[in-house]
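Have a look at the structure below, then the notes.
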Amino acid sequence: MYGAGGRVNYSGTGTNTTHGTTTTPITKHQRRYDQAALFLVKALPITPYKLGLNYRNLSNEERAEAERNTGLFVGTVYEDTPSFYANVLRGDIIISINGIQFKNMKHFNQLFDEITEKPVTLTILRKGVQKDITVHF
């Protein structure tokens, strides 16, 4: 600890060093609560997504670029899933499922859960070109 004039002030027995009007505490206390513990546990197997996609609603910029208000942006296509083998790509915009247009992600999930026929046809926009992709389960 430095006092006025750059001198080091130590106190051999006390908890304070006084220099002029400034009191500088010297503590011999250790903060034992500044520790963390990490526990590793075996997780249950993750059930794969039915489609194998991670998607979200379109942002304002994506809406302007696609020139549409509805659709879902594909953020991730998981390897070894039906969408992966159907060649859905990251960046695709899903605009309908089995010919039914949807409003948003909630509506898409609702429609997808109600579909009983297989395979499913996704209509997507890829680089401004509309394309139908059939996803087999």
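Distance in nm between label sites at VAL41 and GLU61, each 7 Å beyond Cα in the beta-carbon direction?
My value for the distance between the label points is 3.9 nm.
Tell me, what is the FRET efficiency for ILE100 and HIS136 to the nearest 0.05, using R0 = 25 angstrom and their Cβ-Cβ distance as r?
0.85
With a point put 7 Å past each Cα toward its Cβ, work out how far LYS50 is from PHE112 in nm, to one decimal.
That separation, rounded to one decimal, is 0.8 nm.
Which of the peptides 99-105, 88-94 is most tightly packed, and how do the rest follow, judged by the mean count of other Cβ atoms within 10 Å per residue?
88-94, 99-105
Rule-based calculations on the coordinates, nothing more; no lab input. Keep in mind the model is a prediction, meaning the values are calculated, not measured. Ideal geometry is used to build each Cβ from the backbone, glycine not excepted, and the neighbour counts take in all protein chains shown.
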